[in-house]
Amino acid sequence: MLLNHLKLAFRRLTSAKGYSAINLLGLSIGIVCCLLLFQYVSRETSYDNFNTNADRIVRLRMDVFGNGILEQQSAAVYPAVGAALKKEFPEIQDYCRLMAAHVFLANPDRNTVTSETKGYYADPSFLRMFTFHFAEGDPATALDGPYKIVISEDMAHKYFGTEDPVGKRLTVSGQPTYYPIWKHGQTESFEITGVFHNYPGNAHLAISYLISYPTFVDLVRKAAPPRSTTWDAESSWNWYDMYTYLQLESATSTAHLEAQLPAFADRYLNNKPDYKKQQQRNEFHLIPLKDIHLYSHSVEEAEANGDAKTVYFLFIIAILIIVIAWINYTNLATARSLERSREVGVRKVLGATRGHLIRQFLLESLLMNGLALLLAIVLTYILAPLFSRLAGEELPAGLQLSGTWLTNFLVLFSAGALLSGLYPAFILSGYRPAVVLRGLFKNSSSGIGLRKALIVGQFTASILLIGGTIIVYQQVSYMRNQQLGINIRQTLVLHGAGSVGDSSYAGAYQSFRNDLLRVQGVKSVTASSEVMGREIAFGDGLHLDGTKSGNYIAYYMLVDYDFIPAYGLHLLAGRNFSQQFRRDSKGVLLNEQAIKTLGFTSPEKALNQYVWALDDSCQIIGVVADYHQEGLQKTINPMVFRLSPDVRDYYSLKLETADYPRTVAAISKIWSNHFPGDPYNYFFLDNFFNLQYKADQQFGKVFGLFVFLAIFIACFGLLGLSAYNVVQRTKEIGIRKVLGASVRQLLYILSRDFVTLVLVAIVVATPLTWWLMDRWLQDFAYRIHIEWWVFVMAGVLAVAIAILTVMVQAWKTAVANPVKSLRTE
């Protein structure tokens, strides 16, 4: 029986080639879209799952409050927190700390020095808590003791080729920052104690090397000011730049521990006299390891994380597209009821039961879906690399879904394939043979209401996607074109020199700067601790001097005398730093947000007032207009500029030239002459700044592509549906034409029902689109307002698409010879 049903199903598919082609193409495109998007979602939701203890590891987050207002959420905490928590709470099995380790590395036997940023100072316990697979060395002891480093296989090949690196040494010098870690010109020798297999890409940490935390402790001890308690890498409760992870007894311990953290924070921090006087309060919270990539967007994140809303949006699009494809199949199957009614009648007369017919029609549906799935799998393997580049993610080649998402897809596909065939099967198998064979059955009224509802649902989804695409494009365009309040155009940024010691740096930099200014096209040179497009990680307290109350978090940037004019920052009051004023070393410039936070009602009233900043009493000598240090996804924070003529983290060169290659080559030569021990690394600031919008741009591209495909599938189904509608009304059209109906009137008659359904879809889709996209826009500190014309444009496009699709078939019948039409039965 099954074999007979299969033969009949194949015969039906091959006899109705046009119908089969429309269904096969529509279904396969829908499945391809679903598979690709599921693969993306699977990747985004798989972060850190490879860790054996992933369900029991959490990371601490610290919320900083000033005067009862949340000022900062930090992914980093104090170095002393982990040990204190482990001591007090038995459910904590282990803890580890990480501190970003940006260093210059070199093989002593080679002359090349490379800047490395994908590494951390790590407690030995990190290798116990997190899953690392070592190719060489012992992970149990690899990070015990100072001046030890473990590296990835890629780094081993980079620095040592085919040699065994274990036991060899790397020359290491740090990139000096405000934090007392590395002195300028300081160089150390680290022993390589292990080589690990490359760390997976689906981790919230990008790790190419790990340096033992005892190394960090010793470096800080050497570089920190004498008797300093702030800069203590083991027991400080002031310096918060360490990521701290806890391994709990079980996943259920998280809620119990979270409930006890407020009392813990009070004991160690909030009940201190200084905290109470300054109206400051800290809170600790836990975030599960698996949630960090999609749900954590705090200050000082280790890497740029993903966004859960984006993932959910793309998941919804995947479902919508494949559902649209199944709607096409259901619509076309029920619309062809007249064509198949005689077949049903004959087979029932010959003894077929309704159950036999239902099984036959269901098998046809499953066969069509199965063939579409096979074609979709082939297309997915072909298109996966292109989609990976479009999405900006290193997705697995071919078709690779995790176990959960593969199960989700198979359940969805099975349910969709079954349901899309179930309704037509019941409709077609229910015809009465006596009525059909006597010719009394002329058209199928069964399922008309459902078909209309499905068309409305299909175009509701299409309009939602069109409107969403327009809004995504508007938001990205708004962010890219908004005035930043600062001039970043034609700015070449060099990573600062670190190999020159403090005693000789001033002369070396001045000579370097003078040589740069002689290069044709170099307009100005300035040095700073940060540049635009980078998060300022250095946040510290700021309050009016003498009050010891009302402490706020501000973000500090160290600059030289030329920074303000070079970047075109607008002074609202006061003046810039000047060499004519010796006391400017104890002067500060504040932005508008900072003076508002301090309670000043105007920039002028803040001038010459004193604030406590970086453990020093400083006079406000100027106020600069707010500008966007980071992308428009984030708010403008209170900022403090302090003079530091010897700052060397970044050199910004303003250029006035169109011949960038020649200028960059000339600058490279000057760099090599002055700082031969430092790598020459540079970037153009406008490109670097716009990288912050890369994720949103990629989302817009992916969104737009799949919107196009969804509309294409919907049009494909509408094309097939309108074709059957035209065939069924061929004689009616002939009669109308004989009676004098014009081609325009006939086109109107054939398309009005479809257009009416699209108009209903517009009414349904408009509020739904506004609600969904408004939720998406809530993640942006600076966002567009959704305009009414977006919905008008989406609706007009949908109507135009529907009319053009229907007209393809309607035009043929409208201009046909009515004599031929009237002969049609």
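Spin-label pair Asn238-Tyr561: with each label point 7 Å from Cα along the Cα-Cβ axis, the two points sit 3.2 nm from one another. Remark: for residue pairs Lys118/Lys148; Lys87/Lys222; Lys87/Lys183; Lys523/Lys669; Lys183/Lys669; Lys86/Lys148, the C-alpha separation exceeds 22 Å in Lys87/Lys222; Lys87/Lys183; Lys183/Lys669; Lys86/Lys148.
I need to check one value: relative contact order of the stretch 99-171, counting alpha carbon pairs closer than 8 Å and at least 6 residues apart, in percent.
Relative contact order here is 32 percent.
DSSP finds beta bridges in the stretch 84-208, and of those with both partners inside it, around 75 percent are antiparallel.
For the stretch 126-219, trypsin sites (Lys or Arg not before Pro) are listed when DSSP marks them as loop and at most 12 other Cβ atoms sit within 10 Å of their Cβ; the list is empty.
Compared with the direct C-alpha span, the chain from Lys523 to Glu258 gains 89.9 nm at full extension, assuming 0.36 nm per residue. Summed over all non-identical Cα pairs, the Kirkwood treatment of the stretch 270-313 gives a radius of 13.0 Å.
Annotation for Asn690 and Asp615: the two label points, set 7 Å from Cα along the Cα-Cβ direction, are 4.3 nm apart.
Phi-derived couplings, Karplus 6.51 cos²θ - 1.76 cosθ + 1.60 at θ = phi - 60°, listed residue by residue for the stretch 653-670: 10, 7, 10, 10, 7, 9, 9, 5, x, 5, 5, 4, 5, 5, 5, 4, 5, 5 Hz, with x used for Gly and Pro.
Each Cα pair under 8 Å and six or more residues apart adds its sequence gap; the mean of these over the residue count of the stretch 215-280 is a relative contact order of 15 percent. Dipole size of the stretch 533-603 about its Cα centre, with +1 on Lys/Arg Cβ and -1 on Asp/Glu Cβ: approximately 220 debye, rounded to the nearest 20. If you plug the beta carbon distance of His157 and Ala508 into 1/(1 + (r/R0)^6) with R0 = 41 Å, you get a FRET efficiency near 0.75.
The slack in the chain from Ser578 to Leu419, taken as 0.36 nm per residue of separation less the alpha-carbon distance, amounts to 49.6 nm.
Computed extension length for Glu604-Ser115: 171.6 nm, one decimal, from 0.36 nm per residue of separation with the Cα-Cα distance subtracted. Around Thr657, under 13 Å between beta carbons, what's the net of Lys plus Arg minus Asp minus Glu among the other residues? That sum, taken over residues with Cβ under 13 Å, equals +2.
None of the figures in this text is laboratory data; all of them are computed from the coordinates on show. What you are looking at is a predicted structure, and each value in this text was computed from that prediction instead of being measured. Heads up, the Cβs are rebuilt from the backbone with ideal geometry, glycines too, and the neighbour counts pull from every protein chain shown.
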